[in-house]
Amino acid sequence: MVEKLDYSQLNWSGVTVKLSQRTDIALEKITPNPEQPRRGEKSDEELRKNIEVMGTLINPILVEPIAGDENLYMIIDGERRLEAYKALLTVQKKQAFAKIPSQIVDRPLNITERLRIWVSIHRQRKDWSAIEKERVAYDLVKIVGLEVAQAILGVSMIEVRKLVESMELANQMPHDQEFATEISYAREIRSLAKPYRNDEKLVNRIIRRIGSGEITTSKNIRDLKPLFRDPVAREIFLKEDSSLEDAWAVLPKTELHGMSGSNGLRQSVSNLAQYLRTLPAIEIDNLKRDANFLSQIEQAESALKTIRKMIYRG
């Protein structure tokens, strides 16, 4: 049993709790959180080595007492640190890591409070991934509704809806692959122009083609946009007994391979302008820090300026 502790009151994103001073808790007394937003790989070799060198944690993990048993705790934040301690104890047999530095909230929490605290901590650290943000947004909306979820996450209502829609789409994917793959497909569908992503029949057909193995990467979905723009190719794409090759076969050759000479240049510029007019803002956001892409834009701008000068001189 942990010694009697002094607690100080703290407010995390609207959740008022009392938080203990730093104390050591035996690893076997801590259980995982089944609703933990960070559901990926918990082992972190670099973190384990750093802890081994330091001999302890700089930042203790955060736990709550389990109702009905004051000697057991559930983790709120710090699963990777806990896994590192377990590896040092069980794999490397280092008894110094049998207990882990912790802070304890003074009462069991409900799922909403737990998520509020977790979000508050990770917003301050700025270390949570896009997948974790989507999971938390999805869970929060189910529990507390859109408006409260938006307030907890500290983002716009539009952003919350995007996060939730991505998770809803990911949940419709065939579940024979990693969740990271499922969510990448979902994000790509969500980034399609509104007439396409709001077309339930089209979205369902994309998902079924993922399930059949015709679409194998999220980039494949991006490459399908010419099929969606062409009415005939689109109808063939939607048919259950058609293949992607059947849909591509009806497109004009310029759509597939381009044309040579001035007609090819005209068509290429036209296709580019049409594509940019329908480009979702999320695709631009995803490329903001891509130095290589910015360089490509500069090269494209330079090429277009050169073409325009040549036309004016002609």
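The values are calculated or read from the model by the stated rules, or taken from the named source; none is laboratory data. Computed from a predicted structure; not experimentally measured. Every residue, glycine among them, receives a Cβ derived from its backbone with ideal geometry; neighbour counts consider all protein chains shown.
Values computed for the structure shown
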{"quantity": "Sole exception among (1) over 30 Å from E132 (Cα atoms); (2) in a helix (DSSP H, G or I) for L251, by number", "calculated": "(2)"}
{"quantity": "Check on P231, modelled with pLDDT of 90 or more and farther than 25 Å from E165 by Cβ", "calculated": "yes"}
{"quantity": "Filter pass, L88 being part of a helix (DSSP H, G or I), at pLDDT 90 or above and surrounded by 13 or more Cβ atoms within 10 Å (Cβ to Cβ)", "calculated": "yes"}
{"quantity": "Residue within the stretch 193-214 that is within 22 Å of the chain's Cα centre (by Cα), buried (at least 19 other Cβ atoms within 10 Å of the Cβ) and of a type in the set (S, T, N, Q) present", "calculated": "no"}
{"quantity": "Qualifying residue in the stretch 65-80 (condition: surrounded by 15 or more Cβ atoms within 10 Å (Cβ to Cβ), modelled with pLDDT of 90 or more, in a loop (DSSP other than H, G, I, E, B) and not assigned by TED's automatic domain parsing to the domain that holds I25)", "calculated": "no"}
{"quantity": "Number of the condition not met by I311 [criteria: (1) β-branched (V, I, T); (2) modelled with pLDDT of 70 or more; (3) surrounded by 10 or more Cβ atoms within 10 Å (Cβ to Cβ)]", "calculated": "(3)"}
{"quantity": "Those residues of the stretch 84-128 which are of a type in the set (G, A, S) and in the same structural domain as L27 (by TED's automatic domain parsing), in sequence order", "calculated": "A84, A87, A96, A98, S102"}
{"quantity": "Index of the failed condition, R161 passing every other in (1) surrounded by fewer than 17 Cβ atoms within 10 Å (Cβ to Cβ); (2) over 16 Å from the mean Cα position of the chain (by Cα)", "calculated": "(2)"}
{"quantity": "Residue in the stretch 111-133 that is hydroxyl-bearing (S, T, Y) and within 25 Å of K49 (Cα to Cα) present", "calculated": "yes"}
{"quantity": "The stretch 172-210, residues that are β-branched (V, I, T) and without any contact (Cβ under 8 Å) to a residue 40 or more places away in the chain", "calculated": "T181, I189, V203, I206, I207, I210"}
{"quantity": "Some residue of the stretch 205-219 being at pLDDT 90 or above, closer than 22 Å to P252 by Cβ, among the hydrophobic types (A, V, I, L, M, F, W, C) and not in a helix (DSSP H, G or I)", "calculated": "no"}
{"quantity": "Criterion violated by E188 - all others in (1) over 14 Å from the mean Cα position of the chain (by Cα); (2) within 25 Å of L140 (Cβ to Cβ); (3) modelled with pLDDT of 90 or more satisfied", "calculated": "(1)"}
{"quantity": "The stretch 22-55, residues that are part of a loop (DSSP other than H, G, I, E, B) and modelled with pLDDT of 90 or more", "calculated": "R22, G55"}
{"quantity": "Conditions (1) buried (at least 16 other Cβ atoms within 10 Å of the Cβ); (2) among the β-branched types (V, I, T); (3) modelled with pLDDT under 90; (4) closer than 26 Å to K133 by Cβ: number failed by V2", "calculated": "(4)"}
{"quantity": "Breaking point among (1) buried (at least 21 other Cβ atoms within 10 Å of the Cβ); (2) more than 19 Å from W12 (Cα to Cα), for L115", "calculated": "(2)"}
{"quantity": "Of all residues making up the stretch 136-159, the number that are at pLDDT 85 or above and basic (K, R)", "calculated": "0"}
